[in-house]
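The values are calculated or read from the model by the stated rules, or taken from the named source; none is laboratory data. The structure presented is a predicted model; accordingly, all values stated were derived computationally and were not measured. Neighbour counts run over all protein chains shown; Cβ positions are idealised from the backbone, glycine included.
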Amino acid sequence: MTAAEDWLLDPSLAPSTGGRLAPLYAGAAEGRLTLPFCAACDLPLELEQQVCDGCGRDDVAWRDVAAEGTVHTVTVVHRRETGLVRAEDPYPVADVELTSGHRLLMAGRRPSAPPAIGTPVTVSFRFLGGVAVPAYDAAVPASGPPTPLPQESPR
Ligand SMILES: [Zn+2]
């Protein structure tokens with residue numbers, strides 16, 4: 001596996017960047033998280049949602065949102081599709097509640113233990129067959145090398 005390859009999936013599973021989700025992938029290609037809102041009442045919409053639950057209109061406006069949220073729930077996938085799933089071990093998929101109000105299912109940007117519910121995450125991107133797809137990064141507690149205790153100099 002080279003650095004350009006995804007840790008989780010085979011590149012043949014790269015999503016199509018056209019169609020209804022084209023704004024998502026166009027933003028992701030530039031490192032932006034772009035998600036749909038109702039153009040009439042500004043309610044956050046699901047990725048494939050075509051009619052607003054709030055006002056019933058069908059005008060969608062895509063906007064960049066803050067790439068941060070918290071883990072709403074997480075599941076660990078044990079099923080492996082030989083040739084399609086590269087991970088050797090079961091891997092977590094998180095349902096992330098973004099500060100924008102959207103909910104997105106995504107895998108981690110790199111292999112990791114499942115994040116606890118409520119864990120703050122940022123959203124960046126994995127690259128699957130050259131296509132940027134959202135992926136969470138769990139906040140890692142700051143942990144540098146331990147600070148040495150002051151020692152008295154020998155006399
Ligand atoms: Zn609406």
Take region 95-143 and flag every residue that is within 23 Å of Trp62 (Cα to Cα) and in contact with a His (Cβ under 9 Å, 6 or more places away or on another chain). Asp95, Val96, Glu97, Arg103
Counting only residues in region 31-49 that are surrounded by fewer than 18 Cβ atoms within 10 Å (Cβ to Cβ) and either at pLDDT below 95 or aliphatic (A, V, I, L, M) (or both), the one nearest to the chain's Cα centre (by Cα) is identified as Leu47
Among Gly101, Gly56, the single one that is within 16 Å of the ligand (Cβ to nearest atom) and free of Cβ contacts under 8 Å to residues at least 24 places away in the same chain is Gly56
Having 3 or more residues that are among the β-branched types (Val, Ile, Thr) is the bar; report the strands (runs of 3 or more DSSP E) wholly within region 1-115 that clear it. 68-77
Given the residues Ala113, Ala87, which is the only one that is touching a residue at least 40 places away in the same chain (Cβ under 8 Å), surrounded by fewer than 16 Cβ atoms within 10 Å (Cβ to Cβ) and either over 23 Å from Pro44 (Cβ atoms) or among the aromatic types (Phe, Trp, Tyr) (or both)? Ala87
Which pairs do you get when a residue that is on the phi > 0 side of the Ramachandran plot, found in region 116-131, comes within reach of a residue that is aliphatic (A, V, I, L, M), reach meaning Cβ atoms under 7 angstrom, with the pair 6+ apart or on two chains? Gly118/Val71; Gly129/Ala14; Gly130/Ala14
Quick check: anything in region 125-142 surrounded by 16 or more Cβ atoms within 10 Å (Cβ to Cβ), modelled with pLDDT of 95 or more and in a loop (DSSP other than H, G, I, E, B)? no
